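The structure appears below as structure tokens.
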Amino acid sequence: MPTASPSPDPSRCPLCGAANVCAMEIERETGMAQSPCWCMSANFTDALRARVPADARGLACICANCVAAAAAAVPTETTPP
């Protein structure tokens with residue numbers, strides 16, 4: 001009999017497992033109002049979002065470290081000499 005995989009932890013990054021420090025999740029868990037989350041101004045590329053396992057999409061935020069690493073991996077345009 002197949003077992004269901006556990007639900008993703010909404011407080012953990014679905015890519016690396018580190019705490020995602022999502023203010024919206026903290027507010028949901030504690031009931032205490034939070035400042036706007038860092039993720040509201042972050043750039044989540046389509047390629048980065050595509051790396052999230054299907055069963056975790058929309059359920060757990062990607063952490064700032066994974067967002068920064070993805071941004072650093074994107075080649076920047078350079079002007080030819």
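What follows draws every value from the coordinates through simple rules; no lab data is involved. These figures come from a predicted structure and were not determined experimentally. As a convention, Cβ positions derive from the backbone with ideal geometry for all residues, glycine included, and neighbour counts pool all protein chains shown.
Scanning the stretch 5-48 for residues that are under 20 Å from residue 74 (Cβ atoms), in contact (Cβ under 8 Å) with a residue 12 or more places away in the chain and part of a helix (DSSP H, G or I) yields 38, 39, 47, 48. Among the residues of the stretch 26-55, those identified as surrounded by 11 or more Cβ atoms within 10 Å (Cβ to Cβ) and more than 12 Å from the chain's Cα centre (by Cα) are 26, 27, 28, 29, 34, 55.
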